[in-house]
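One structure is given here, and the rest of the page talks about it.
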Amino acid sequence: MAKKFVADFVVVDNKPLNATNFLIKARSNSVLPTILPGQFVNVEINDAKEIFLRRPFSVFEVDYNQNTISMIVKILGRGSKKLTEIEAGCNISLVYPLGKSFTYPAATDKVLLIGGGSGVAPMLFLAKESGLDKTQVDILLGARTKEDHIDVESYSKYANLHYATEDGSLGEKGFVTQHSVFVNDLNKYDKIYACGPDGMMRAIAKVAKAADVFCEVSLENLMACGFGVCLCCIEPTNKGNLCVCTDGPVFNINELKW
Amino acid sequence: MAKKFVADFVVVDNKPLNATNFLIKARSNSVLPTILPGQFVNVEINDAKEIFLRRPFSVFEVDYNQNTISMIVKILGRGSKKLTEIEAGCNISLVYPLGKSFTYPAATDKVLLIGGGSGVAPMLFLAKESGLDKTQVDILLGARTKEDHIDVESYSKYANLHYATEDGSLGEKGFVTQHSVFVNDLNKYDKIYACGPDGMMRAIAKVAKAADVFCEVSLENLMACGFGVCLCCIEPTNKGNLCVCTDGPVFNINELKW
Amino acid sequence: MVDLKVKVHNLEFKNPITLASGTCGFAREMADFFDPAIVGGFFLKGSTLKNRDGNEYPRMAETPSGMLNAVGLQNKGIDYFIENIYPEIKDYDTQLIINVNGSTVEDYIALTEKVNELDKIRGIELNISCPNVKEGGMAFGVSCPGAEMVTREVRKVYDKTLIVKLSPNVTDISEIARAVEGQGADAVSLVNTFLGMAIDAETRKPKLSTITGGLSGPAIKPIALRMVWQVANAVKIPVVGMGGIMNAADAIEFMLAGASVVQIGTAVFKDPTLPVQIINELEDYMLRHKVQSVNDLIGELQI
Amino acid sequence: MVDLKVKVHNLEFKNPITLASGTCGFAREMADFFDPAIVGGFFLKGSTLKNRDGNEYPRMAETPSGMLNAVGLQNKGIDYFIENIYPEIKDYDTQLIINVNGSTVEDYIALTEKVNELDKIRGIELNISCPNVKEGGMAFGVSCPGAEMVTREVRKVYDKTLIVKLSPNVTDISEIARAVEGQGADAVSLVNTFLGMAIDAETRKPKLSTITGGLSGPAIKPIALRMVWQVANAVKIPVVGMGGIMNAADAIEFMLAGASVVQIGTAVFKDPTLPVQIINELEDYMLRHKVQSVNDLIGELQI
Ligand SMILES: Cc1cc2nc3c(=O)[nH]c(=O)nc-3n(C[C@H](O)[C@H](O)[C@H](O)COP(=O)(O)OP(=O)(O)OC[C@H]3O[C@@H](n4cnc5c(N)ncnc54)[C@H](O)[C@@H]3O)c2cc1C
Ligand SMILES: Cc1cc2nc3c(=O)[nH]c(=O)nc-3n(C[C@H](O)[C@H](O)[C@H](O)COP(=O)(O)OP(=O)(O)OC[C@H]3O[C@@H](n4cnc5c(N)ncnc54)[C@H](O)[C@@H]3O)c2cc1C
Ligand SMILES: Cc1cc2nc3c(=O)[nH]c(=O)nc-3n(C[C@H](O)[C@H](O)[C@H](O)COP(=O)(O)O)c2cc1C
Ligand SMILES: Cc1cc2nc3c(=O)[nH]c(=O)nc-3n(C[C@H](O)[C@H](O)[C@H](O)COP(=O)(O)O)c2cc1C
Ligand code: FES
Ligand code: FES
């Protein structure tokens, strides 16, 4: 298996992206290994009473020159809350790189990336790294309202951006699975990639399966270790119970028992 | 029994007094009750993993105008270390006021106050509050070296200051019990008050008992609750096992089974 | 408004939030912090027939999310309680339950008979689970015959509410619960502390004078909750639950698992006003979840 | 230099720091983080005769200073291990001990017989204490007759080092330890997880698919340490200690209490390189305290 690391990083930036999402960038002292879209890090939450385990977050950006890893952290509970309060200059311990990446698209593929909530992180990472032309890549982002969306305009150079909001305050009204790029054009894509809440993943998988389109989703099962030893994060698949942390978090929907 | 409180204070100052001792001043939102020398507060250590209980610290100063309580915190283990890292502006939860104070001296008394390490705190408090003239009050402070002493020059208006260091780098060389004011002049004092490490207290008590001088010592037994319900902090006395947190921390040496 | 009232046998509690024995003194100490009438009740510090000095210092050690104690039932004996403490607390408008301890069955009986005379003490908590005494205590609570014997004999001399406090240091706590139920216990309370130990690696000595002591606090909560759930499913009498409760959510979890009343123990060392806060938060929870009566929470775990 | 070598029956450990079963996979997963030859040994993930899917998701819940798991011995069965995993790990220069689990005594025997053929597995850890399986598991480990029977039958077919892993969910763990010693166990290891439970107050549902699960981590350390101390005083065979060890001081405390070797379990979830750090810190401690050999720490609690 691939070499993995535990190391203290120094937080170089922690900025709010909106009311509940923060961009945290941390620098390592040592040279970073290759980290691919879909992979994640397991983060120790400092000084937090009654938080025992690490918390997993997808990698959002890697800068091999600066030796930094960035992630987008959404406040969900106590651990993520505490993490978003970390200040630049503080140490933060990461276990990395964890999990398997998305299957890279072929050079001629047309792809649809769908992100929900903080699930945008690996989607943007993939858009940037895919090596495809902007014309080949659509990104569909879903959130409850305009305010819940993260500003990703800078990614318009890598992809065509589409938005769905439940209240219609940005882009089309409704869930991502109701959005026109998803409803009308599904078969024009060679590959669909998605990351977001469980419900969204299942909804996407259902339609993609029916349409028989290649589709990979990233799962967020509860984890204790993050590197394949505890067997807590399992997902039932055609090959039995697989570990989301090592066999995933990215799965082809055809493997899943959904 | 007297009314006691649990409340969040705001740290208004935290400054190092030397390498291991810090002065922490915290302000309450509500009017402070009367707090006397020898009484203590029980402090919640914020955001510290694996620190479960509060930590007791003697009150060093009370400012009823500013609504502040100050304490001198010496770094001993994890809790005190963490506490000395608190920043001004942070909240800190105190249970207060706890324990009984020293017996105030009579107006004509000549008194000797002996402080070891962070035990200086209640001694300086008492010197200031005793209402006695400077000529009536001697303070003897003991520490390992000059560097371990806290600067208390401002108290020279309340008392005559004497120092003992183990290496002789400040004042007389040796333990407080070897210092001339203690060795030669014990019987000129009407009352002796002491606060410091257990060994020092026992040594002082032994001599004071032999010399039959009134002597009160403040004990630092391990505490769980600090307000008399757990019975963990007990000290054997003539009246049976008494709670250091409610029956003390100040005891007349004649009560103790030393 | 929501209805917080709950009954354990004949005992009416104005709300299910009470204070555990040995961590709330004789209630008066808590009165320094809040009006005792606010809480459901107090399980008073363990009493014995005669004065007990308890164990030697040191008696406590902090542990991860918990603490060990080795107090050993220090108290001045029941007569001192009756003469000096009872008069001071008897008019508190809340339930006062006395925690009764003996080295022998005769002790338990003699103690109970004295307590029986106290009008304002409408129930006893029979402690057969103290891990910090050499004789009696936990020895009775870890076997069915022992637990049965003490319960049976005390039951003979006591008509008010008899709550038997169980030890978690057993293979099958439901078995013990059923055993005391069979002998007429009106309720069971659980858990007492877990037998634990702490060592100072630097001095290579035990941290407690008694080497082992009783573990309490949030560390034990998952085990205590499991035991409350098992016992509630095993007996018909009400269950009083405790073990590491630190907030309203914890208290609610114990009720969902089957506890009619909960006790707040070690948590008050961190914050003596916590019981009051928990009552308020419980009300908030019930309003938010549209639960009319606390009785609609008891045992309502969705499985 | 200090001498870290220690023996458990015939098994030589280069140092007393090993990894616990179920928390270090099949050792290869740890090899992603450090050279397996550094640590004393690996107690491999629990194996069964046939493939087991384990329990349903969710299988874990965080608790104060600990966690609950309900994995339920998911593994591909011993044949898969022998064919696919053993060849990959057999040349690690460290002790590899296999953790053996059955629903029936026959399972245990069949499994042991297969393991017996594996040259580089010089010992088995007989798990009679898994709280997360419906049949077998803990059922054998919580009574003397059950523990005795499995030990006796396995002993008949196994000549290498037989370590029996005990359940802490019992009234008297020394009794069980003595029972398995009497049936020829070469060592005992303890503790397995405590049966616990977690509830989500908001959804009013259990947090684990199995309702109850096994509690591990620092929360249980005081109880585990007490049990190791009791067992070490009750038996003559060596004791392998574990339960919440997070640092060298914890490891040393277990050795002082009587453990010859310790296992690091849940702690590796927080930091997979921790076992290596602990070995270094143990050396520092021994130098600082002028302890020549780890054997001079074992059972050396000063009382
Ligand atoms: C592979 C992977 C990648 C992830 N990437 C990101 C990311 O890039 N950005 C991001 O913001 N989050 C991400 N997450 C989710 C993130 O790990 C959780 O939000 C975080 O662990 C919650 O911790 P907490 O202490 O705030 O919540 P807690 O206080 O522990 O829990 C709050 C509530 O949320 C539930 N919960 C906690 N964790 C999860 C989870 N993983 N799935 C479902 N429910 C959960 C709990 O059961 C509880 O009800 C990822 C998770 C995984 C497994
Ligand atoms: C009434 C009272 C008043 C006090 N006043 C002051 C004060 O004004 N300034 C001050 O600096 N300290 C004071 N102390 C001592 C202070 O409470 C301890 O230093 C502090 O609790 C240590 O916490 P820790 O987390 O740093 O140590 P830990 O990490 O918990 O322990 C470190 C080591 O110190 C030992 N230890 C911890 N607490 C005590 C104690 N109370 N007595 C003896 N050994 C102990 C532990 O056993 C351990 O070996 C007072 C104590 C009491 C009871
Ligand atoms: C310091 C201390 C003293 C205790 N004394 C008693 C006692 O006298 N009688 C009793 O039945 N339980 C006693 N207990 C046990 C508690 O009542 C309670 O059962 C246990 O602490 C678990 O609850 P908790 O985790 O909320 O504290 C004591 C606990 C502590 C911490
Ligand atoms: C996720 C998980 C899986 C486990 N699986 C096994 C197992 O397969 N066999 C076994 O004997 N013990 C198993 N255990 C128990 C551990 O080996 C160990 O006994 C226990 O966790 C206590 O040690 P710790 O607190 O250091 O983790 C498991 C523990 C955890 C947390
Ligand atoms: S989180 Fe431990 S195996 Fe996946
Ligand atoms: S610390 Fe609890 S009684 Fe003194």
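One residue of chain A places its C-beta nearer than any other to the axis carrying A onto B; that residue and its whole-Å distance are A:ASP47, 2. Couplings for the stretch D:262-268, taken from phi via the Karplus curve 6.51 cos²θ - 1.76 cosθ + 1.60 with θ = phi - 60°, read 10, 10, 9, x, 3, 3, 5 Hz in order; Gly and Pro are left as x. Placing pseudo-labels 7 Å out from each Cα toward the beta carbon at B:TYR104 and C:VAL105 gives an inter-label distance of 6.0 nm.
P(r) tail for the stretch B:32-151: Cα pairs beyond 23 Å make up 37% of the total.
Applied to the stretch C:102-107, the Karplus parametrisation 6.51 cos²θ - 1.76 cosθ + 1.60 on θ = phi - 60° returns per-residue 3J(HN,Hα) values of x, 8, 9, 4, 4, 4 Hz, with x for Gly and Pro.
This model, with +1 at the C-beta of Lys and Arg and -1 at the C-beta of Asp and Glu, gives the stretch B:5-98 a dipole about its Cα centre of some 280 debye.
How big is the B/C interface in buried accessible area, both sides summed, 1.4 Å probe, to the nearest 100 Å²? Approximately 2700 Å², summed over both chains. In the assembly of identical copies, B:ASN184 has its label point, taken 7 Å from Cα in the direction of the beta carbon, separated from the corresponding points by 10.3 nm (ascending, one decimal).
Leaving out ligands, DNA and RNA, what percent of the accessible area of the stretch A:106-258 is carbon and sulfur, probe 1.4 Å? If you can, show how the numbers build up before the last one.
Details: 2910 of 5940 Å².
Of all accessible area on the stretch A:106-258, carbon and sulfur atoms account for 49 percent.
For C:SER47, the residues whose modelled amide H falls within less than 5 Å of its own, excluding neighbours fewer than 5 places apart on the same chain, are C:ASN99, C:VAL100, C:ASN101. Among A:LYS173, A:LYS191, A:LYS74, which one shows the biggest mean-square fluctuation in a GNM of chain A, springs joining Cα atoms closer than 10 Å? Fluctuation is largest for A:LYS173.
Put the label 7 Å from Cα along Cα→Cβ for A:PRO16; what are its distances to the other copies, in nanometres, shortest first? Nearest to farthest, the other copies are at 3.4 nm. At a threshold of 8 angstrom on Cα-Cα distance, excluding pairs fewer than six apart, so keeping six or more, what relative contact order does chain A reach in percent? With pairs under 8 Å counted, the relative contact order is 17 percent. Burial annotation for the stretch D:73-91: residues with an accessible-area loss of at least 50 Å² between the isolated chain and the complete set of protein chains, computed on heavy atoms with a 1.4 Å probe, are D:GLN74. Taking 7 Å steps out from each Cα toward its Cβ at B:ARG202 and C:LYS236 produces label points 6.0 nm apart. Coordinate range of the alpha-carbon atoms in the stretch D:69-199 per principal axis, descending: 41, 39, 27 Å. Measuring spread by the Cα atoms of the protein assembly as shown yields a radius of gyration and Dmax of 31.6, 101 Å.
Across peptide C:138-147, the mean count of Cβ atoms from other chains lying within 10 Å of each residue's own Cβ comes to 1. Note on C:LYS165: aspartates and glutamates with a C-alpha under 13 Å away, same-chain residues under 8 apart excluded, are C:GLU125, C:GLU148, C:GLU181, C:ASP186. Near the amide H of A:VAL59, within less than 5 Å, lie the amide hydrogens of A:GLY38, A:GLN39, A:PHE40, A:VAL41, all on another chain or at least 5 residues away, with H placed in the peptide plane. For chain B, the longest principal axis of the Cα atoms and the long axis of helix B:198-211 meet at an angle of about 40 degrees. Each Lys and Arg contributes +1 and each Asp and Glu -1, all at the Cβ; summed about the Cα centre of the stretch A:65-169, the dipole is approximately 300 debye. In units of the compact-protein estimate 2.2 N^0.38 Å, chain A shows a Cα radius of gyration of 0.96.
Beyond a 22 Å Cα-Cα separation, which of these cross-linked pairs lie in this structure: A:LYS3/A:LYS128; A:LYS4/A:LYS128; D:LYS45/D:LYS120; B:LYS257/C:LYS134; C:LYS45/C:LYS120?
On the way: A:LYS3/A:LYS128 25 Å; A:LYS4/A:LYS128 24 Å; D:LYS45/D:LYS120 16 Å; B:LYS257/C:LYS134 25 Å; C:LYS45/C:LYS120 16 Å.
In this structure, A:LYS3/A:LYS128; A:LYS4/A:LYS128; B:LYS257/C:LYS134 exceed 22 Å between Cα atoms.
Under a model in which nothing but the beta-carbon of Lys, Arg (+1) and Asp, Glu (-1) is charged, chain A shows a dipole of about 380 debye around its Cα centre. Partner aspartates and glutamates whose Cα lies under 17 Å from the Cα of A:LYS100, excluding those fewer than 8 positions away in the same chain, are identified as A:GLU61, A:GLU129, A:GLU216, A:GLU220, A:GLU235, A:ASP247, A:GLU255, D:GLU29, D:ASP32.
Ranking D:ASN10, D:LEU73, D:ASN280 by Cα position along the charge dipole of the stretch D:6-296, where only Lys, Arg, Asp and Glu carry charges on their C-beta atoms, puts D:LEU73 farthest toward the positive end. Label-point distances for C:LYS120 to the equivalent site in the other copies, using a point 7 angstrom along Cα→C-beta, read 7.4 nm when ranked shortest first.
Start at zero, step by 5 Å, and the Cα-Cα distances of the stretch A:111-255 spread as 2, 10, 19, 22, 20, 14, 9, 4, 1 percent across the bins. Between the C-alpha center of the stretch B:54-90 and that of the stretch A:134-152 there is a gap of 49 Å. Phi-derived couplings, Karplus 6.51 cos²θ - 1.76 cosθ + 1.60 at θ = phi - 60°, listed residue by residue for the stretch B:79-94: x, 5, 4, 4, 4, 6, 8, 5, 9, 4, x, 6, 7, 9, 9, 10 Hz, with x used for Gly and Pro.
What percent antiparallel are the DSSP beta bridges of chain A, to the nearest 5? Restricted to chain A, the bridges split so that about 60 percent are antiparallel.
When peptides D:65-75, A:245-255 are ranked by their average number of other Cβ atoms within 10 Å per residue, the highest-first order is D:65-75, A:245-255. Taking label points 7 Å from Cα along the Cα-to-Cβ direction, A:LYS257 and B:VAL183 give a separation of 8.4 nm. Within the same chain, lysines fewer than 8 places from B:LYS49 are excluded, and of the rest, those with a Cα less than 20 Å from its Cα are A:LYS49, A:LYS81, A:LYS82, B:LYS74, B:LYS81, B:LYS82, C:LYS221, C:LYS270, D:LYS221, D:LYS270.
What the Kirkwood sum gives for the stretch C:6-296 is a hydrodynamic radius of 18.7 Å, with every pair of different alpha carbons counted. Rounded to the nearest 10 degrees, what's the angle between the helix A:120-129 long axis and the longest principal axis of chain A, both from Cα atoms, 0 to 90? So the inclination is approximately 80 degrees.
Along each principal axis, taking the top coordinate minus the bottom one, the Cα set of the stretch D:231-285 gives 34, 24, 13 Å in descending order.
The values are calculated or read from the model by the stated rules, or taken from the named source; none is laboratory data. Remember, predicted model here, so these are calculated numbers, not experimental data. Every residue, glycine among them, receives a Cβ derived from its backbone with ideal geometry; neighbour counts consider all protein chains shown. The accessibility values were calculated without ligands, DNA or RNA, using every heavy atom of the protein model including side chains. Shrake-Rupley method; radii C 1.70, N 1.55, O 1.52, S 1.80 Å.
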